[in-house]
Amino acid sequence: MAKHDTAPPLAPSPWFAGPLLVALVFVAYLPAISAGFIWDDDHYVTQNPVLRTQDGLNRIWFDLGATPQYYPLVHTSFWIEYRLYRLNPIGYHAVNILLHAANAVVLWQLLRRLHLRGAWLAATLFALHPISVESVAWVTERKNVLSAFFYLTAAIVYIRWMQRRGDLDVGTPPSPPQTATASRATGRKTYLLALALFVCALLSKTVTASLPAAILLIAWWKTGRLTRRQVLPTLPMFALAIAAAALTAWMERSEVGAEGADWNFSIADRFLIAGRACWFYLAKLLWPHPLVFIYPRWTIDDSQWWQYAFPVAAVALIATLFVLRHRIGRGPLTAALFFGGTLFPALGFFNVYPMRFSFVADHFQYLAAIGPLTLIAAAIPRIFSRRQDQDRANVSTLSLAVIAILTTLGTLTFRQARIYRDIETLWRHTLAHNPDCWMAHGNLAKTLAERGDTATALDHARRVLDARPDLPSSHTNYGDILSIARRPAEAIPYYQRALEINPRHLKAHFGLADALMALNRPADAVPHYQSVLEARPDFPTCLRRIGAAYEAAGRYADALTSYTRALELQPQSAETLYGIGRANFFMNNLTVAGEFFRRTIAVKPDHAEACNDLATVLAALGNDADALKCLDRAIQINPDYVVARFNRALLLEGLGRAADAAAELQSVLRLQPDHAEAAERLARLRTVGSPTPTSAPMPRP
């Protein structure tokens, strides 16, 4: 920086600047507050079984395979939130926005501590830049906003510690200690606090492993040198960073699946990816339009000379800034090195799952963007500064320019946040800007199928099959949509093809088992459910489904075991309670069965099947009056429920109410004309009248 800086100030009063920053963030992200859950939020929140049990917290920390990635602080935050507001997305979005606002405030304070002119503007650019929307409006990216909070707080504590030691030249001497002993004790506590915050950052997302390098970069920026005294305290941080990075890299390969043909790149290829990605990210910071959830995946070819222009230009820029550091200062080089260094884990040198469909993503540069944005914030007032005293017109021009920039960024953020309101909007926006994105086609297909538009869904799923026939998920998704369309026989070959490609593809096993169940082949379905449970033993939905398969196959004890385990994972699951009731009924444990049918109705009062089956139990126990009330309730819930109407007819016949029984049988035949037993009983009632009450058969589930 210049020694005599005449640039006008850009921040409001410190007492007003912080609240204003928070308010600006919440206004810009208003659309995100009312947004729903989107892609991957099912794995992290809505269908994450570890959030639903007390034991889940223990598994989050000590079972590496219990969560999609080992970021225990992130999943702990979700575990706590689930207890506060279950699956209401408003709470999850509000916490993300609050964390982003907190990050902006902490960044402002960090830059102030470093005596950077334009600190508040830099923090506000970070707060309002639309490149951050993907990290803030996407619940799954709690990883980014939470890890950034710990990263920035660790940085500010560590920088404070360095200043007290006199390791940074920031224009003010370190505070003199009252006593040498007190100074060492205070310094040790501050250092350990910074180290603890850094560990929290790593436990939220390991991209924060670059912090010790960033600290040394700041030290060089401020002092122009790196000494042994500055470097040695960062060595424990580097050790922790390397260990966390190694664990994440291993999990990306072994648990997430980031290995195979889509990641087979040479060293030269990876440098080509990295060089192009750096310029891509910088371009999106300077011109944030369009911002797309999934960008096109570049074709990397190390035989094409022009692709080398990206990494060569990046190296040339760094070299130029280094040569000019005495003339323009060390700030620009520091910003460029921070940008590239913070991006490094996501530049293609390490396998990460998103490389399957794109080499870049907006959320990858959430922290890295701080470097260029801080440089811009420091440069803006200089553009308007003069050698002589500033006049009022100059200050006004600068203020208007800053207001225009912030208003533009805030508006873009507001608009970008709206595309995250629901999953269909997100995928349609992605396809509008990246029409060949097979991942978007596949996910939109599932969304459309779930709402009933299976014809359009199959068109999108077919595009995925045409683009990536080598992926088992392409075939599984097509099979899933056929199953949703109630075409299970057609779906089975697609699941089988997926399993030919990858015999361990769990979604194909699960989908194939469901299709076999739909074709009344429970014995064939069981092995595929078992394959899923071998890999995911605490998958409650699969436990319920295999329970139903066991029940259909007459293996009631096995069904009860599976249902009971599912209930431990989801104690308030109506379907699991109902399954336990049925298993007990078929094992002739009528009292226990009735208890679980009642618990099912207590959790889900409109569960018509539970009302019907409770009536069956009550009738078998001789409580005909309450049984009739339960059947009436079942029919009230679902007037077209044939089984309940037929059971009601049986009960009325047994009570000697022949006319009422005949009327109910007529209702059954109107709904299901080919119901042979109803037709036979109605004919007999019309011919010989009602039998004695004791001779009537009991209703059955």
- Message: Can you give the Rg/Rh ratio of the range 334-444, where Rg is from the C-alpha atoms and Rh is the Kirkwood radius?
- Response: 1.12
- Message: Once you place label points 7 Å from the Cα toward the Cβ at residue 303 and residue 436, how far apart are they in nm?
- Response: 1.8
- Message: How large is log10 of I(q)/I(0) for the chain at q = 0.05, 0.09, 0.10 Å⁻¹ when the intensity is taken from the Debye formula with one equal scatterer per alpha-carbon?
- Response: -0.34, -0.89, -1.03
- Message: In whole Hz and in residue order, list the ³J(HN,Hα) couplings for the range 649-661 that follow from phi through the Karplus curve 6.51 cos²θ - 1.76 cosθ + 1.60, θ = phi - 60°; x for Gly and Pro.
- Response: 4, 4, 5, 5, 4, x, 7, x, 9, 4, 5, 5, 5
- residue 287/residue 324 FRET efficiency (R0 25 Å; Cβ-Cβ; nearest 0.05): 0.50
- Message: If I fit a long axis through the Cα atoms of helix 556-569 and take the longest principal axis of the Cα atoms of the chain, what angle between them do I get, 0 to 90°, rounded to 10?
- Response: 30
- Estimated FRET transfer efficiency (residue 670, residue 466; beta-carbon r; R0 45 Å; 0.05): 0.45
- So what's the convex hull volume per residue for the Cα atoms of the range 539-605, in Å³? 63
- To the nearest 500 deg cm²/dmol, what mean residue ellipticity at 222 nm is calculated for the chain from DSSP H runs of n ≥ 4 alone, each contributing -39,500 (n - 2.57), summed and divided by the residues? -21500 deg cm²/dmol
- Message: Let me check I've understood the local charge: for residue 31, count other residues with C-beta under 9 angstrom from its C-beta, Lys and Arg +1, Asp and Glu -1. What total comes out?
- Response: +3
- Message: Quick check: residue separation of residue 229 and residue 623 times 0.36 nm, minus the Cα distance between them. What number comes out in nm?
- Response: 133.4 nm
- Query: Could you give the length gained on full extension between residue 638 and residue 313, defined as 0.36 nm per residue of separation minus the Cα-Cα distance, in nm?
  - Reply: 110.1 nm
- Cα gyration tensor shape of the range 606-701, rounded if a/c is under 1.5, else prolate or oblate by comparing a/b with b/c: oblate
- Query: Using a basic spin-label model with each label point 7 Å from the Cα along Cα→Cβ, how many nm lie between residue 189 and residue 421?
  - Reply: 5.1
- Note on the structure: Here FRET efficiency (C-beta to C-beta, residue 379 to residue 266, R₀ 25 Å, nearest 0.05) is 0.05
- Query: Dimensions of the range 483-591 along principal axes (Cα, Å, largest first)?
  - Reply: 47, 25, 22
- Query: Helix 14-28 versus the longest principal axis of the chain: what is the Cα-based angle in degrees, 0 to 90, to the nearest 10?
  - Reply: 40
- Item | Least to most buried among 680, 450, 252 (fewest other Cβ within 10 Å first) | 680, 450, 252
- Taking only Cα atoms, what is the 0 to 90° angle, nearest 10, from helix 309-323's long axis to the longest principal axis of the chain? 40
- Item | For 190, 476, order by how many other beta-carbon atoms lie within 10 Å, fewest first | 190, 476
- Query: Between residue 216 and residue 504, 0.36 nm times their residue separation minus their Cα-Cα distance comes to what?
  - Reply: 99.2 nm
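Throughout, read-outs are computed from the coordinates displayed, never taken from laboratory work. Just so it is clear, the structure is predicted and the values come from calculations on it, not from any experiment. Quick reminder, even Gly has a Cβ in these numbers, built from the backbone with ideal geometry, and neighbours come from all protein chains shown.
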